[in-house]
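Quick notes on the structure that follows.
The values are calculated or read from the model by the stated rules, or taken from the named source; none is laboratory data. From a predicted model like this one, the values you see are computed outputs, not experimental measurements. Virtual Cβ from ideal backbone geometry, glycine too; neighbours counted across all protein chains shown.
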Amino acid sequence: MKLPAKTPVVGTPISMTSYEEVIDLLDQAPSDRAMTIAICTVHSVMSARKDPALRKALNNADIATCDGVPLVWAIRMTARPEQQRVYGPGLMRRTLIEGLPEHRHYLFGSTPETIELLQTHAAEFAPSAKIVGTESPPFRTPTPEEEEAMLERIRSSGANIVWVGLGMPKQELWMDRVAPRLPGVTLVGVGAAFDFLAETKAQAPAWMQRSGLEWLFRLSQEPRRLWRRYLWNNPAYLMLLARQVVASRLRGGRQSPEKAD
């Protein structure tokens, strides 16, 4: 299996890939472990700088897409001018609609109410998608016995793609931890995609997404929960990115991508 090359974005290796390439790779998980796909934002890469466990999980991910537009800008300026965004909700929706007939999907995360709504909407926009199981795990840390029971339900469902909507960093840490116990399965951590596709939360208008202003829309929707994240992360990210771009220019060119097999 040939994976897309990665390039560092303020310290986190991010895959230089596309929707089409990721969708093509979804059914190519190795036989001895799960393939893990992290959908990365500014919040992801900035949190990884302070959290060693999260940094390890993102480094271990087979694919780490640039979900956030500011990450797309970083790759375009330092490594790949034609880089596109690979947005979690967009990837999930496109895969459900366009994926191979052999894809068997499992929804893991969020609340029972959101999962029920997601299945209802998916039946409308992707009627041929095969959803073979769902699970809304407890918000607390499961016991080892509970976790093994969850994994057994995934294995016995026959799913080969598990969409994980536990939120960052919980979903990244969970995928990294359980990957050895789900051979042949692809785990995709899509965070708020469950809420967006279930229409329990509104997505930013397209023009705000293109302009890198999705954070402002989300802040307006959930100011009490998100204000600390954005007021610290965004300026710090821009400062680190500026230093990275300057360093790249001083080296006389673009960063060398990391090869992955």
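Pro8 falls short on exactly one of the conditions (1) buried (at least 21 other Cβ atoms within 10 Å of the Cβ); (2) modelled with pLDDT of 95 or more, and that condition is (1). Here Asp195 does not fit the description of being part of a helix (DSSP H, G or I) and farther than 28 Å from Thr120 by Cα.
Every residue in region 60-72 that is assigned to a helix (DSSP H, G or I) and modelled with pLDDT of 95 or more, please.
Residues satisfying the conditions are Asn60, Leu71, Val72.
Looking at this structure, is Leu219 among the hydrophobic types (A, V, I, L, M, F, W, C), at pLDDT 85 or above and surrounded by 12 or more Cβ atoms within 10 Å (Cβ to Cβ)? Against the criterion (among the hydrophobic types (A, V, I, L, M, F, W, C), at pLDDT 85 or above and surrounded by 12 or more Cβ atoms within 10 Å (Cβ to Cβ)), Leu219 does not qualify.
The C-beta contact set for region 142-155 (first residue over 16 Å from Arg104 (Cα atoms), second residue among the β-branched types (Val, Ile, Thr) and surrounded by 13 or more Cβ atoms within 10 Å (Cβ to Cβ), distance under 9 angstrom, 6+ apart or interchain) comprises Glu147/Val178; Met150/Val178.
Taking region 226-237 as the range and being of a type outside the set (Phe, Trp, Tyr) and either touching a residue at least 24 places away in the same chain (Cβ under 8 Å) or loosely packed, with under 11 Cβ neighbours inside 10 Å (or both) as the test, the residues that pass are Arg228, Arg229, Asn233, Asn234, Pro235, Ala236.
So in region 83-119, with the set limited to residues that are hydroxyl-bearing (Ser, Thr, Tyr) and in contact (Cβ under 8 Å) with a residue 60 or more places away in the chain, which one is nearest to Lys201 (Cα to Cα)?
Thr114
From the residues in region 166-182 that are hydrophobic (A, V, I, L, M, F, W, C) and touching a residue at least 60 places away in the same chain (Cβ under 8 Å), which one is farthest from Arg55 (Cα to Cα)? It comes out as Leu182.
For region 12-23, indicate whether the set of residues that are in a helix (DSSP H, G or I), β-branched (Val, Ile, Thr) and either more than 14 Å from the chain's Cα centre (by Cα) or surrounded by fewer than 23 Cβ atoms within 10 Å (Cβ to Cβ) (or both) is non-empty. Yes; the residues of region 12-23 include at least one that is in a helix (DSSP H, G or I), β-branched (Val, Ile, Thr) and either more than 14 Å from the chain's Cα centre (by Cα) or surrounded by fewer than 23 Cβ atoms within 10 Å (Cβ to Cβ) (or both).
Taking region 240-251 as the range and being modelled with pLDDT of 85 or more and either surrounded by fewer than 11 Cβ atoms within 10 Å (Cβ to Cβ) or among the basic types (Lys, Arg) (or both) as the test, the residues that pass are Arg243, Val246. Note on region 198-210: among residues that are free of Cβ contacts under 8 Å to residues at least 60 places away in the same chain and part of a helix (DSSP H, G or I), the one that is nearest to Ala29 (Cα to Cα) is Ala206.
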